[in-house]
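Asker: The structure's right below; bear with me while I get my questions together.
The values are calculated or read from the model by the stated rules, or taken from the named source; none is laboratory data. Predicted, not measured: the structure shown is a model, and the values here were computed from it. Here the Cβ positions follow ideal geometry from the backbone for every residue, glycine too, while neighbour counts run over all protein chains shown.
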Amino acid sequence: MNIEFHYYMTYLITVRAGFKPAEAEIIAYSSQYIDDNDLIYNIDQNSNHAYSNYISQTKNITRPKKNLFRIYPVFHFIPGDPLADSARRRDGKLHLLNTTPDSKNARQVLKLGLSSNNLYKIGLAIHSFADSFAHQNFVGYYDEFNLVEGIQQKLSSIFDRSVYKIGHAAAGHRPDIPHALWHDPRLCRSNSRRDNKEIFLKAAGRIFEELKKHKDPSATAADIESEKEELLADLAAAIGKKSECPELFKVNSRKRRLNCCQKLSLKKEYGAEKLKDYDPSLWFNEAVKINTGFLKIDRSCSWQRLGLDYFSKHFKFLKSCYSWKSESYQKTHWFKFQESVKEMQEEIIDLLDPVVFERLELANW
């Protein structure tokens, strides 16, 4: 899923489930920032406040660092049920790491986040759970199981074919776009048609149910169902008409959907506060100062920060280019999010180790 679901729709779902707007904003930002947290920063390295973060996404999936692959099955492709009906393939292949929607493992990850009562962890867990729907039938590892013949061939002359063996790269952005209609030729005819709107609404409904039960244990099943139907009707209207590829990338279409979500946030049942536009650099810029001297860098551009990260490893005068803005940095959203990523990654790995990872021998793990 992309920012439309992970930030904007997650906010609406969370507020509707009973969280306060300020709480929902932290949850939604965490849910989206997991995709933008793709650089390791070494901050104040020669001081008592030295700190290095973990990443929860990577820009170059073709050259992952050692032990980096674990972020995929933990945060983006939770291993599910290889025998699920939705996972039936024409070639009959099964994979222990295959992602399936609303699987037992995905539900346990969501429960793990909710039981922590940590808003950042809840956001991380919602992201992982939601992706179990959007990323179904792909594995968070380098494997030919992920190849989607016909789609990746269009770009094979430009990119190394190996990139398509990781996650849903072979299907491009199709699995992540709310209104997309597409076809997955790997699957049996009965389930090869991918209707993202239907899939995303199912994910939204399940997330709402779990959040509502968490916030209001006394809520009856009938009340939850009634409110869920109202929520899904609003989200369905925001998503709008379904579309076949390649009509997926129209900027105006996306802007309309985001505007619809922001208008919904003004309604009483969605907190009556306009949801802010998502700024991927907001939390980072509140916490960290970039000291580049004569070099100018756009702090909102992750690619420029990526370049700075590279050069700081090769030039001594850039070694200490990152520092905390305040000694109270531990109270910032960015720091709390990073600590949550570290804790959540270990907790999810511990959760999945006995049932999945211990049964495999994976390179670079």
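Asker: May I ask you to list pairs of residues, at least six apart or on different chains, whose Cβ atoms are under 9 Å apart, with the first in the range 247-273 being more than 19 Å from T10 (Cβ to Cβ) and the second being of a type in the set (S, T, N, Q) and at pLDDT below 95?
Answerer: Hits for this filter: E247/S253; K250/S243; S253/S243.
Asker: Still on this model: List the pairs whose first member sits in the range 200-212 and is closer than 18 Å to I177 by Cβ and in contact (Cβ under 8 Å) with a residue 40 or more places away in the chain, whose second member is small (G, A, S) and part of a helix (DSSP H, G or I), and whose Cβ atoms are under 9 Å apart, counting only residues at least 6 apart or on separate chains?
Answerer: Sorted first by the residue in the range 200-212, then by its partner, the pairs are F200/A130; F200/A134; A203/A130; A203/S132; A203/A134; A204/A130.
Asker: If you scan the range 262-306, which residues turn out to be modelled with pLDDT of 85 or more, polar (S, T, N, Q) and closer than 19 Å to N42 by Cα?
Answerer: S281, N285
Asker: Considering every residue within the range 69-78, establish whether at least one is part of a loop (DSSP other than H, G, I, E, B), in contact with a helix residue (DSSP H, G or I) (Cβ under 7 Å, 6 or more places away or on another chain) and at pLDDT below 90.
Answerer: Yes, some residue in the range 69-78 is part of a loop (DSSP other than H, G, I, E, B), in contact with a helix residue (DSSP H, G or I) (Cβ under 7 Å, 6 or more places away or on another chain) and at pLDDT below 90.
Asker: I would also like to ask the following. Scanning for something out of contact with any helix residue (DSSP H, G or I) (no Cβ under 6 Å at 6 or more places or on another chain), charged (D, E, K, R), farther than 27 Å from E209 by Cβ and crowded, with 16+ Cβ neighbours inside 10 Å, does the range 15-35 turn up at least one residue?
Answerer: Scanning the range 15-35 turns up no residue that is out of contact with any helix residue (DSSP H, G or I) (no Cβ under 6 Å at 6 or more places or on another chain), charged (D, E, K, R), farther than 27 Å from E209 by Cβ and crowded, with 16+ Cβ neighbours inside 10 Å.
Asker: Given the options Q45, Q57, name the one that is surrounded by fewer than 18 Cβ atoms within 10 Å (Cβ to Cβ) and under 26 Å from I239 (Cβ atoms).
Answerer: Of the residues listed, the single one that is surrounded by fewer than 18 Cβ atoms within 10 Å (Cβ to Cβ) and under 26 Å from I239 (Cβ atoms) is Q57.
Asker: Follow-up question, since we're still on this one. Just checking, how many residues over the range 324-365 are assigned to a loop (DSSP other than H, G, I, E, B), over 22 Å from S47 (Cβ atoms) and not polar (S, T, N, Q)?
Answerer: Looking only at that region, the number is 9.
Asker: I would also like to ask the following. Search the range 150-208 for residues being among the hydroxyl-bearing types (S, T, Y) and in contact with a strand residue (DSSP E or B) (Cβ under 9 Å, 6 or more places away or on another chain), and hand back the single one that is modelled with the highest pLDDT.
Answerer: S192
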